[in-house]
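Engineer: Here it is, the structure in full.
The values are calculated or read from the model by the stated rules, or taken from the named source; none is laboratory data. Since the model is a prediction, treat every value here as computed from it, not as a measurement. Backbone-built Cβ (ideal geometry, glycine too); neighbour counts: all protein chains shown.
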Amino acid sequence: MLYDIWTVFWRDWLVLRRRIGRFILSRMVSPVLYIVAFGWGLGRSIQVNQGNYLDFIVPGIIALNSMNISFNSVGSPLNMSRVYHKTLEEYLIAPIASVSFVIGKVLSGALRGLISSLIIIFLAYAFGAHALINSWFVLVLVLNCLVFSSMALVAAMLMDSHEDMANFNTYVLLPMSFLCATFFIPDHLPTVLRWFIEILPLTHASIALRAIALGGEAPLFSLLAMLVYIFSFCGIGVWLMEKVRE
Amino acid sequence: MIRIEGFSKKFGERTAVDNLSLKIAKGEIFGLLGPNGAGKTTTIRVLTMLTRPTAGKIVIDGCEASQNEQHIKAVIGVVPQHFNLDIDLTPWENLELHGRLHHMLPEVRKQRIEELLKYVELDDRANDMVQKFSGGMKRRLMIARALLHQPKVLFLDEPTVGLDPQVRRRLWDLIRRLKNEGITVLLTTHYIEEAENLCQRVAIMEKGKLIAMDSPLALCQQFGAYVVEWADNEGTKTNFFADRNAASAFAGTLMTTTTLRQTNLEDAFVELTGRKVAG
């Protein structure tokens, strides 16, 4: 099983290695824009909890960016491979277990999310942000990448066209990017909306990352919530891989 | 090698394959014919473990599909109808991925990849991107991929659709060579001459049902060894005759241009299915 996970991962790594330069460059665009627009531009006049707004949003930007990259590294390619190119069949015909495929794909998506987060951390320091990066921070980041690459796998197996995948992005990821404690703390929102936001996985990631980056304790409940998301999405993913044969 | 008993597949209300039973011997090239939508691809998908049957039993290489799917997956090679190569990878990488998925040892894998790329005459293009390949090259690479792990059964779904006649003949030679190596081949096609050229036995399906199964020759002779073909206002008509003299005498009575020839599998096919398939 480990070997099969490695095989699935190896294929994605091969493709990433070929495009690593382009991958890194394109990943720099949106974080730079966020940092310039919200951190430098808007942030000059904002004070959050007696701190600098740039320091406040960097963990949020890392959370939302690792979400987007992990999701899009798995979602679109897997959906295309299932619906258009039919390359998924190569894995379905092979004598490997569905769970190996799911884990391999999720890990490779998470790796891309981590690489792009690394880029943002460098950029953020270059722009003069202060954040405490320790092993808890990395752990939360890894969990966040895993949550969204496994969510992408589920979405890719459910959506039957490229357009539906794009809609999923618009209806699920885009609102999360703005609402899940990325740019502001959702304390002042109406109660029902706040409850809803607090259930969403990205909220846990940004709250945990910010707490750690500002020198606080890692909120264990958030870590647990993310683990629950990961296992649920992977479980559903395996089930969908089996169901695709019906 | 392959045994299908009472196999049916339903998609909701629609029955794609209805109570199909057949046996294919080791080393046989077996053709599955039928008009579009007859259930050939569904049959192949079920035999290659991509879809599960609604009812019936499938045994390949002595293993029942419902019980030992992984063993069957290890002994079959599949060339699907659509090009499903990984276009982000080179031919070599496509084959290496396949070898890894089939748990081949690195040194065996490397040797087989070299061998097969030569076999399908793509060894000089091993490191180009698959995206730039022509249809014939992609098809050949897919056959190499299907053969990499030395399967006992090869499934080919419409292997020569959309290919030049030259490439098609090269593929035919390749398939015949496989038979000599003892591989069982099941192919679907709607090019009748392809089945006639390659297959020892063919099964004809229509609307999910098996309507005939025999050698191409026996299927032809079932209606008569000779056929007279002519056209009138209503379209092309044919009449079958057991011997040439009777056919010739009948042709003499017609006032239009007629053709007298030996019955081919296409005549038998049209007679059995009642409509012509698009070539």
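Engineer: Would you pick out the residues in the range B:156-193 that are surrounded by 17 or more Cβ atoms within 10 Å (Cβ to Cβ), under 26 Å from B:Glu96 (Cβ atoms) and out of contact with any Asp or Glu (no Cβ under 9 Å at 6 or more places or on another chain)?
Structural biologist: Hits for the range B:156-193 are B:Leu156, B:Asp157, B:Leu163, B:Val167, B:Leu171, B:Leu174, B:Ile175, B:Leu178, B:Ile183.
Engineer: Might you check whether a residue that is more than 10 Å from chain A (Cβ to nearest Cβ) and on the phi < 0 side of the Ramachandran plot occurs anywhere in the range B:96-103? Reasoning before the result, please.
Structural biologist: Within the range B:96-103, the first condition is being more than 10 Å from chain A (Cβ to nearest Cβ), and the residues that meet it are none.
No, the range B:96-103 contains no residue that is more than 10 Å from chain A (Cβ to nearest Cβ) and on the phi < 0 side of the Ramachandran plot.
Engineer: Considering B:Val120, B:Val153, which residue is touching a strand residue (DSSP E or B) at 6+ places or on another chain (Cβ under 7 Å) and surrounded by 15 or more Cβ atoms within 10 Å (Cβ to Cβ)?
Structural biologist: Values: B:Val120 fails: touching a strand residue (DSSP E or B) at 6+ places or on another chain (Cβ under 7 Å).
After applying the criteria, what remains is B:Val153.
Engineer: From the list A:Ala63, A:Ala37, exactly one residue is among the aliphatic types (A, V, I, L, M) and surrounded by fewer than 23 Cβ atoms within 10 Å (Cβ to Cβ). Which is it? Step through it out loud before you land on a result.
Structural biologist: On the way: A:Ala63 fails: surrounded by fewer than 23 Cβ atoms within 10 Å (Cβ to Cβ).
When all the criteria are applied, what remains is A:Ala37.
Engineer: Give the residues of the range A:76-111 that are among the small types (Gly, Ala, Ser) and in a helix (DSSP H, G or I), sorted by residue number. Give the steps one after another, and end with the answer.
Structural biologist: Filtering the range A:76-111 down to residues among the small types (Gly, Ala, Ser) leaves A:76, A:81, A:94, A:97-98, A:100, A:104, A:108-110.
A:Ser76, A:Ser81, A:Ser98, A:Ser100, A:Gly104, A:Ser108, A:Gly109, A:Ala110, listed by residue number.
Engineer: Could you list, in sequence order, the residues of the range A:40-64 that are touching a helix residue (DSSP H, G or I) at 6+ places or on another chain (Cβ under 6 Å) and over 16 Å from A:Ala213 (Cα atoms)? Walk me through it before giving the result.
Structural biologist: Keep residues of the range A:40-64 that are touching a helix residue (DSSP H, G or I) at 6+ places or on another chain (Cβ under 6 Å), which gives A:43, A:46, A:48, A:53-54, A:57-64.
Of everything in the range A:40-64, those that are touching a helix residue (DSSP H, G or I) at 6+ places or on another chain (Cβ under 6 Å) and over 16 Å from A:Ala213 (Cα atoms) turn out to be A:Gly43, A:Ile46.
Engineer: For B:Asn68, are the conditions met, namely being touching a Ser or Thr at 6+ places or on another chain (Cβ under 8 Å) and at pLDDT below 95? Spell out the reasoning first.
Structural biologist: Working: touching a Ser or Thr at 6+ places or on another chain (Cβ under 8 Å): no; at pLDDT below 95: yes.
No: the conditions fail for B:Asn68.
Engineer: Tell me, yes or no, whether the range B:39-51 has at least one residue that is surrounded by fewer than 19 Cβ atoms within 10 Å (Cβ to Cβ), more than 7 Å from chain A (Cβ to nearest Cβ) and basic (Lys, Arg).
Structural biologist: no
Engineer: In the range B:93-135, what residues are hydroxyl-bearing (Ser, Thr, Tyr) and touching a residue at least 24 places away in the same chain (Cβ under 8 Å)? First the steps, then the outcome.
Structural biologist: Step one: filter the range B:93-135 for residues hydroxyl-bearing (Ser, Thr, Tyr), giving B:119, B:134.
Of everything in the range B:93-135, just one residue is hydroxyl-bearing (Ser, Thr, Tyr) and touching a residue at least 24 places away in the same chain (Cβ under 8 Å), namely B:Tyr119.
Engineer: If you don't mind, there's one more thing I want to ask. Being free of Cβ contacts under 8 Å to residues at least 24 places away in the same chain and either at negative phi or aliphatic (A, V, I, L, M) (or both) is true for just one of A:Ser45, A:Ser30. Which residue is that? Before the answer, list the steps.
Structural biologist: Working: A:Ser30 fails: free of Cβ contacts under 8 Å to residues at least 24 places away in the same chain.
Testing whether each residue is free of Cβ contacts under 8 Å to residues at least 24 places away in the same chain and either at negative phi or aliphatic (A, V, I, L, M) (or both) leaves just A:Ser45.
Engineer: Provide a single number: the residues in the range A:100-111 that are away from chain B (no Cβ under 14 Å), under 30 Å from A:His130 (Cα atoms) and either in contact with a Ser or Thr (Cβ under 6 Å, 6 or more places away or on another chain) or polar (S, T, N, Q) (or both). If you could, list the steps in order and put the result at the bottom.
Structural biologist: Taking the range A:100-111 as the starting set, the residues that turn out to be away from chain B (no Cβ under 14 Å) are A:102-103, A:106-107, A:109-111.
Pick out the ones that are also under 30 Å from A:His130 (Cα atoms) and you get A:107, A:109-111.
Those still in the list that are either in contact with a Ser or Thr (Cβ under 6 Å, 6 or more places away or on another chain) or polar (S, T, N, Q) (or both) too: A:109-110.
Here the count works out to 2.
Engineer: Can you find a residue in the range B:236-251 that is closer than 29 Å to B:Thr41 by Cβ and assigned to a helix (DSSP H, G or I)?
Structural biologist: So far as the range B:236-251 goes, no, none of its residues is closer than 29 Å to B:Thr41 by Cβ and assigned to a helix (DSSP H, G or I).
Engineer: Same structure again: Only one of (1) under 28 Å from A:Ser222 (Cα atoms); (2) within 16 Å of the chain's Cα centre (by Cα) is not met by A:Asn134, so which one is it?
Structural biologist: (2)
Engineer: Identify all residues within the range B:1-56 that are assigned to a strand (DSSP E or B) and touching an Asp or Glu at 6+ places or on another chain (Cβ under 7 Å); write none if there are none.
Structural biologist: Taking the range B:1-56 as the starting set, the residues that turn out to be assigned to a strand (DSSP E or B) are B:2-11, B:14-24, B:29-33, B:55-56.
Across the range B:1-56, the qualifying residues are B:Ser8, B:Ser21, B:Gly56.
Engineer: Give A:Val140, A:Val102, A:Val74, A:Val106 a once-over and let me know the one that is closer than 18 Å to A:Thr182 by Cα and surrounded by 22 or more Cβ atoms within 10 Å (Cβ to Cβ). Before the answer, list the steps.
Structural biologist: Values: A:Val102 fails: closer than 18 Å to A:Thr182 by Cα; A:Val74 fails: closer than 18 Å to A:Thr182 by Cα; A:Val106 fails: closer than 18 Å to A:Thr182 by Cα.
Result: A:Val140 is the single residue among A:Val140, A:Val102, A:Val74, A:Val106 that is closer than 18 Å to A:Thr182 by Cα and surrounded by 22 or more Cβ atoms within 10 Å (Cβ to Cβ).
Engineer: Can you tell me which residue within the range B:52-64, out of those that are farther than 23 Å from B:Leu148 by Cβ and out of contact with any Gly (no Cβ under 8 Å at 6 or more places or on another chain), is nearest to the other protein chains (Cβ to nearest Cβ)? So that I can check it myself, show each step before the final result.
Structural biologist: Quick first cut of the range B:52-64, residues farther than 23 Å from B:Leu148 by Cβ only: B:52-59, B:64.
Now narrow it down to the ones that are out of contact with any Gly (no Cβ under 8 Å at 6 or more places or on another chain): B:52-54, B:58-59, B:64.
On the way: B:Arg52: 5, B:Pro53: 10, B:Thr54: 9, B:Ile58: 13, B:Val59: 17, B:Glu64: 16 Å.
If we take residues in the range B:52-64 being farther than 23 Å from B:Leu148 by Cβ and out of contact with any Gly (no Cβ under 8 Å at 6 or more places or on another chain), then B:Arg52 is nearest to the other protein chains (Cβ to nearest Cβ).
Engineer: Moving on to the next point. Looking at the range A:205-226, which of the residues that are among the aliphatic types (A, V, I, L, M) and not in a helix (DSSP H, G or I) is surrounded by the most Cβ atoms within 10 Å (Cβ to Cβ)?
Structural biologist: We begin by selecting, within the range A:205-226, every residue among the aliphatic types (A, V, I, L, M); these are A:205, A:207-209, A:211-214, A:218, A:220, A:223-226.
Next cut, not in a helix (DSSP H, G or I) only: A:214, A:218.
Working: A:Leu214: 15, A:Ala218: 17.
Going through the qualifying residues, I end up with A:Ala218.
Engineer: Any idea which of (1) surrounded by fewer than 21 Cβ atoms within 10 Å (Cβ to Cβ); (2) assigned to a helix (DSSP H, G or I); (3) at the interface with chain A (Cβ under 7 Å from one of its Cβ atoms) is the one B:Leu89 doesn't satisfy?
Structural biologist: Unmet for B:Leu89, out of (1) surrounded by fewer than 21 Cβ atoms within 10 Å (Cβ to Cβ); (2) assigned to a helix (DSSP H, G or I); (3) at the interface with chain A (Cβ under 7 Å from one of its Cβ atoms): (2).
Engineer: Filter the range A:68-99 down to the residues that are among the small types (Gly, Ala, Ser) and farther than 21 Å from B:Arg52 by Cα, then identify the one that is farthest from the other protein chains (Cβ to nearest Cβ).
Structural biologist: Keep residues of the range A:68-99 that are among the small types (Gly, Ala, Ser), which gives A:70, A:73, A:75-76, A:81, A:94, A:97-98.
Remaining after also requiring farther than 21 Å from B:Arg52 by Cα: A:70, A:73, A:75-76.
Values: A:Ser70: 19, A:Ser73: 13, A:Gly75: 16, A:Ser76: 13 Å.
Ranking the candidates gives A:Ser70 first.
Engineer: Only one of these is of a type outside the set (Val, Ile, Thr), part of a loop (DSSP other than H, G, I, E, B) and more than 13 Å from chain A (Cβ to nearest Cβ): B:Gln81, B:Gln67. Name it. Walk me through it before giving the result.
Structural biologist: Details: B:Gln81 fails: more than 13 Å from chain A (Cβ to nearest Cβ).
None of the others qualify; the one that does is B:Gln67.
Engineer: Being in contact (Cβ under 8 Å) with a residue 40 or more places away in the chain and in a loop (DSSP other than H, G, I, E, B): is that true of B:Phe269 here?
Structural biologist: Working: in contact (Cβ under 8 Å) with a residue 40 or more places away in the chain: yes; in a loop (DSSP other than H, G, I, E, B): no.
Spelling it out, it is not the case that B:Phe269 is in contact (Cβ under 8 Å) with a residue 40 or more places away in the chain and in a loop (DSSP other than H, G, I, E, B).
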